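Reviewing the structure listed below.
The values are calculated or read from the model by the stated rules, or taken from the named source; none is laboratory data. Fair warning: this is a prediction, and the values are worked out from it, not measured in the lab. Here the Cβ positions follow ideal geometry from the backbone for every residue, glycine too, while neighbour counts run over all protein chains shown. The protein model used for the area step is the full one, side chains on, heavy atoms only, and it has no ligands, DNA or RNA in it. Shrake-Rupley method; radii C 1.70, N 1.55, O 1.52, S 1.80 Å.
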Amino acid sequence: MSDKVALTTNKLDFDRLHAAISTLRGKQIFFVGGVMKSGTTWLQLLLNAHPEVSCHGEGHFPDYLALGLKEGIDKHWKAVADKNRSIFKELEGYPRLTEEDFLYILASCAALFLLEQSKHKDARAIGERTPDNIEHFRMLDVLFPTAKFVEIVRDGRDCAVSGWFHNLRVSPDWLTKKFGSLDAFAKGFAGKWASDLAKAQEFADRHPTRVLRVRYEDMSADPDRTLAGLFDFLGVHSSETIVARCRSDASFAKLSGGRNPGEENRRSFFRKGVPGDWRNHLSAEVEAEFRRKAGAWLDRLGYT
């Protein structure tokens, strides 16, 4: 492996990039999160269809990016410290970056990704969608203190069923080896669903004006009203024309290649697109176990 970084350019306009990041941070940054298979992708596409909104996914800033940068920084410091210690025993070693330095690097890197995703659009609101963001709202708040957060929730029993079929499509060997059956998967999923919702609620309680919770079922039953509320929350126009355009551009029929909601294709990411499908797959015994583990959240969110 080469110990040198190969560059394809010999120019860095640092001041331009720094100014661009500063301008970006003056816009409405937002993050979308939700438990797996809650509808975050659909929400992303609905938002990105708005002419003043850029929303892409999955960037994984607080987990993959943060961990990768931290690992690289720590590896560099260890290599430098080891070399300095072996050569300059009488001298103090090279300084280590502080946690604030690391957060600056992480925030700058995330901002560069947001700039890249939105460079072809004159967006007033720029957001990133990763389901796991729901576990990291606090870190994202540290990186972007004026950001807003959109949490999408869905009946956890539907999330479990959708998650099973999703993993059956993309990683069947892992799924069957680890869980064996949909019943076992759903029982294990219940605790995770409740835990993630509780973590997001704790953040929302501290920042009530910066967090908006959207129900998948409301997006399905009344998309126009739900979208108008979302756009108002993000500070962009919410006219009937814009709302109708976004609804049309990210409709299930368009995303699924012409199928209507309820017409199932287990080979597609957009498998079925309807609430309540759990009733077709979960036994009374499994549903009772799910309710035992997560019933408080089912009741709180209006899921009977």
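Assorted remarks:
- Residue check for Arg215: more than 23 Å from Ala49 (Cβ to Cβ) and open to solvent by 50 Å² or more (accessible area, probe 1.4 Å): no
- When we screen Gly229, Gly295, Gly262, Gly188 for residues that are surrounded by fewer than 19 Cβ atoms within 10 Å (Cβ to Cβ), assigned to a loop (DSSP other than H, G, I, E, B), free of Cβ contacts under 8 Å to residues at least 24 places away in the same chain and not polar (S, T, N, Q), the only hit is Gly262.
- Of residues in the stretch 123-137 being open to solvent by 30 Å² or more (accessible area, probe 1.4 Å) and not basic (Lys, Arg), the one farthest from Phe61 (Cα to Cα): Glu135
- Test: residue in the stretch 245-261 that is out of contact with any Lys or Arg (no Cβ under 6 Å at 6 or more places or on another chain) and on the phi > 0 side of the Ramachandran plot: yes
- Take the conditions (1) part of a helix (DSSP H, G or I); (2) in contact (Cβ under 8 Å) with a residue 24 or more places away in the chain; (3) of a type in the set (A, V, I, L, M); Ala19 misses just one of them, which is (2).
- Pick from the stretch 232-247, criterion surrounded by fewer than 17 Cβ atoms within 10 Å (Cβ to Cβ), of a type outside the set (Val, Ile, Thr) and free of Cβ contacts under 8 Å to residues at least 24 places away in the same chain, ranking: nearest to Arg169 (Cα to Cα): Ala244
- Scanning the stretch 103-122 for residues that are open to solvent by less than 30 Å² (accessible area, probe 1.4 Å) and farther than 16 Å from Ser22 by Cβ yields one hit, Leu106.
- Yes/no for Ala198 being of a type in the set (A, V, I, L, M), open to solvent by 30 Å² or more (accessible area, probe 1.4 Å) and touching a residue at least 24 places away in the same chain (Cβ under 8 Å): yes
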